[in-house]
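Undergrad: Could you have a look at this structure, given as structure tokens, before my questions?
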């Protein structure tokens, strides 16, 4: 059954029954949907994909304008259709926030995936051996669940003492558009990840910047080999299999010392300052009493996994994590009918593809579909 036909019935007391609901239509969600259909699960009747965006593209459509194909941190082909089949990848000046959504849109159409959007899942509950997926549109009842909601909708913005006193502007990575809005303003850039450094370099070209991180950044000078990558992912996987909150892969691997970063080091842009103690009305103050005035505090402090809608299921343990099992650590140990993709070791474009396939196959087997 086609997705638009399902949407005709939006009674809040009517739950449309399917075998599997996939939440999220980013890399992991589309990958899972591809493998579900490939395995013979009927689109619309056997499974649906719920997406809270107005168009295809997942979080990519919200990325900043300067993120182009020549500086994006990895684009991996979705299964069955290469990125170069949809986009002229030789044009590295193409903006990621338009090129990748175009790829996703063509992918959805080519494989006729049952994407329903825009529809927001508010919570998932369990009743009589099924999951009740409550939304702002039609409600669904499913036997199994593949959660692929990613992190973009839940920015991690640590509120240091004095947060509410600051009279300037505070924003997070997810709100950034381009550096033009900061011309003539002193910007404090907080964060030690690749996004923080890329945007610091961009903003420093138009205005004064100060770089602050919680701990020194580990710039990796050696070549990052596939073996090193697998070892890093294995460390993250070990944590989620033990039920611990996942660390990012970057926190394990460090950052590559690219020519662009080497130039920033030479130019003094990456003159790191330790994390400040508190925020004042006009800037920040460090432990030793040193103060700095600024117009903008730009938080590049990462994102949290968007899992609030799963709270009624009680998946989080007393360690603050969710114990996962299965071949690629996507299956929730507490309830094997649930798979988390794009979480922990699969929180990358390559990992999301493999996780989508593993989750689809394992869930089909568990539910005996």
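Undergrad: Yes or no: residue 113 in a loop (DSSP other than H, G, I, E, B), in the same structural domain as residue 146 (by TED's automatic domain parsing) and under 18 Å from residue 146 (Cα atoms)? Spell out the reasoning first.
TA: On the way: in a loop (DSSP other than H, G, I, E, B): yes; in the same structural domain as residue 146 (by TED's automatic domain parsing): yes; under 18 Å from residue 146 (Cα atoms): yes.
Here the answer is yes, as residue 113 does meet what is asked.
Undergrad: Still on this model: So which residues in region 116-161 are part of a loop (DSSP other than H, G, I, E, B), in contact (Cβ under 8 Å) with a residue 24 or more places away in the chain and within 30 Å of residue 277 (Cα to Cα), if there are any at all? Spell out the reasoning first.
TA: From region 116-161, those part of a loop (DSSP other than H, G, I, E, B) are 117-120, 128-129, 136-138, 148-154, 156-161; that's our starting set.
After this cut, where a residue has to be in contact (Cβ under 8 Å) with a residue 24 or more places away in the chain as well, the list is 117-120, 137-138, 148-154, 156-158, 160-161.
Residues satisfying the conditions are 151, 152, 153, 154, 156, 157, 158, 160, 161.
Undergrad: Assuming residue 219 fulfils every condition listed in (1) surrounded by 14 or more Cβ atoms within 10 Å (Cβ to Cβ); (2) at pLDDT 90 or above; (3) under 18 Å from residue 267 (Cα atoms) apart from one, which condition is it?
TA: If we test residue 219 against (1) surrounded by 14 or more Cβ atoms within 10 Å (Cβ to Cβ); (2) at pLDDT 90 or above; (3) under 18 Å from residue 267 (Cα atoms), just (2) comes out false.
Undergrad: Now for a different question. Looking only at region 181-214, count how many residues are in a loop (DSSP other than H, G, I, E, B), farther than 17 Å from residue 284 by Cβ and in contact (Cβ under 8 Å) with a residue 40 or more places away in the chain.
TA: So the answer is 1.
Undergrad: Yes or no: residue 72 under 19 Å from the mean Cα position of the chain (by Cα), under 26 Å from residue 194 (Cβ atoms) and surrounded by 16 or more Cβ atoms within 10 Å (Cβ to Cβ)? Quick ask: steps written out before the conclusion?
TA: Values: under 19 Å from the mean Cα position of the chain (by Cα): yes; under 26 Å from residue 194 (Cβ atoms): yes; surrounded by 16 or more Cβ atoms within 10 Å (Cβ to Cβ): yes.
Against the criterion (under 19 Å from the mean Cα position of the chain (by Cα), under 26 Å from residue 194 (Cβ atoms) and surrounded by 16 or more Cβ atoms within 10 Å (Cβ to Cβ)), residue 72 qualifies.
Yes/no matrix, rows are residues, columns are (1) part of a loop (DSSP other than H, G, I, E, B); (2) surrounded by fewer than 19 Cβ atoms within 10 Å (Cβ to Cβ); (3) at positive phi; (4) not assigned by TED's automatic domain parsing to the domain that holds residue 134:
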site	(1), (2), (3), (4)
35	no, no, no, no
56	yes, no, no, no
60	no, no, no, no
65	yes, yes, no, no
76	yes, yes, no, no
89	yes, yes, no, no
92	yes, yes, no, no
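Undergrad: Here's another thing I want to ask about it. I need the full set of residues from region 354-369 which are touching a residue at least 40 places away in the same chain (Cβ under 8 Å) and either assigned to a loop (DSSP other than H, G, I, E, B) or more than 17 Å from residue 236 (Cα to Cα) (or both), in order please.
TA: Once the filter is applied, which keeps residues that are touching a residue at least 40 places away in the same chain (Cβ under 8 Å) and either assigned to a loop (DSSP other than H, G, I, E, B) or more than 17 Å from residue 236 (Cα to Cα) (or both), region 354-369 yields 356, 357, 359, 360, 361, 363, 364, 366, 367, 369.
Let's see how each residue does on (1) more than 14 Å from residue 49 (Cα to Cα); (2) at pLDDT 90 or above; (3) surrounded by 15 or more Cβ atoms within 10 Å (Cβ to Cβ):
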| residue | (1), (2), (3) |
| --- | --- |
| 85 | yes, no, no |
| 96 | yes, no, yes |
| 110 | yes, yes, no |
| 115 | no, yes, yes |
| 127 | yes, yes, no |
| 130 | yes, yes, yes |
| 141 | no, yes, yes |
| 145 | no, yes, yes |
| 151 | yes, no, yes |
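Undergrad: Can you tell me which residues in region 304-327 are farther than 12 Å from residue 239 by Cα and buried (at least 17 other Cβ atoms within 10 Å of the Cβ)? Working first, answer last.
TA: In the first step, residues of region 304-327 are kept if they are farther than 12 Å from residue 239 by Cα; the result is 304-318, 326-327.
Matches in region 304-327: 305, 306, 307, 309, 310, 313, 315, 326.
Undergrad: Give me the pairs: first residue in region 215-236 and farther than 28 Å from residue 325 by Cβ, second residue at pLDDT 70 or above and in a helix (DSSP H, G or I), beta-carbon distance under 8 Å, and six or more apart or on different chains, which are they?
TA: From region 215-236, the pairs are 217/197; 219/261.
Undergrad: Of all residues in region 286-306 being touching a helix residue (DSSP H, G or I) at 6+ places or on another chain (Cβ under 9 Å) and assigned to a loop (DSSP other than H, G, I, E, B), which is nearest to residue 150 (Cα to Cα)?
TA: 305
Undergrad: Here's something else I'd like to know. Look at region 328-342 and say how many of its residues are modelled with pLDDT of 85 or more, crowded, with 24+ Cβ neighbours inside 10 Å and assigned to a loop (DSSP other than H, G, I, E, B).
TA: Quick first cut of region 328-342, residues modelled with pLDDT of 85 or more only: 328-341.
Remaining after also requiring crowded, with 24+ Cβ neighbours inside 10 Å: 329-330, 338-341.
Narrowing further to those that are assigned to a loop (DSSP other than H, G, I, E, B): 329-330, 341.
Number of matching residues: 3.
The values are calculated or read from the model by the stated rules, or taken from the named source; none is laboratory data. The structure presented is a predicted model; accordingly, all values stated were derived computationally and were not measured. Quick reminder, even Gly has a Cβ in these numbers, built from the backbone with ideal geometry, and neighbours come from all protein chains shown.
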